[in-house]
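The values are calculated or read from the model by the stated rules, or taken from the named source; none is laboratory data. As the structure is a prediction and not an experimental result, all values here were calculated from the model. Glycine gets a Cβ as well: all are built from the backbone with ideal geometry, and neighbour counts include every protein chain shown.
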Amino acid sequence: MGIVVKLDQMLVLRKVKSRDLAAHVGITEANLSLLKSGKVKGVRFETLAAICEYLQCQPGDLLEWVPGAEDGAAP
């Protein structure tokens with residue numbers, strides 16, 4: 001499908017630790033890690049909204065469509 005997850009870059013940009021984001025969003029660090037690596041098939045809008053709220057960003061800052069790319073984390 002070509003959706004690339006850029007959550008790792010946003011965490012670095014915002015100087016936020018994964019465990020802090022996971023605690024705020026209400027998901028496990030393991031599930032957040034799966035999301036960051038792009039190994040999930042979907043994400044709830046509620047979860048995406050909570051991530052965007054905490055990181056003060058837009059969904060498009062976290063997800064990008066790259067033609068021909070495999071699903072997953074940004075290279």
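For the stretch 2-27, which residues satisfy the criterion of being on the phi > 0 side of the Ramachandran plot and in contact (Cβ under 8 Å) with a residue 24 or more places away in the chain? Those that are on the phi > 0 side of the Ramachandran plot and in contact (Cβ under 8 Å) with a residue 24 or more places away in the chain: 2, 26. If only residues of the stretch 19-50 that are small (Gly, Ala, Ser) and under 10 Å from the mean Cα position of the chain (by Cα) are counted, the one that is modelled with the highest pLDDT is 33.
Here's the yes/no breakdown for (1) hydroxyl-bearing (Ser, Thr, Tyr); (2) touching a strand residue (DSSP E or B) at 6+ places or on another chain (Cβ under 8 Å); (3) surrounded by 13 or more Cβ atoms within 10 Å (Cβ to Cβ):
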{"residue": "5", "(1), (2), (3)": "no, yes, yes"}
{"residue": "9", "(1), (2), (3)": "no, no, yes"}
{"residue": "28", "(1), (2), (3)": "yes, no, no"}
{"residue": "37", "(1), (2), (3)": "yes, yes, yes"}
{"residue": "40", "(1), (2), (3)": "no, no, yes"}
{"residue": "48", "(1), (2), (3)": "no, no, yes"}
{"residue": "52", "(1), (2), (3)": "no, no, yes"}
{"residue": "62", "(1), (2), (3)": "no, yes, yes"}
{"residue": "65", "(1), (2), (3)": "no, yes, no"}
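Of the residues making up the stretch 25-40, those that are more than 13 Å from residue 3 (Cβ to Cβ) and in a loop (DSSP other than H, G, I, E, B) are 26, 27, 28. Taken over the stretch 4-35, the criterion of being β-branched (Val, Ile, Thr) and either over 17 Å from residue 56 (Cβ atoms) or touching a Phe, Trp or Tyr at 6+ places or on another chain (Cβ under 6 Å) (or both) is satisfied by 4, 5, 27, 28.
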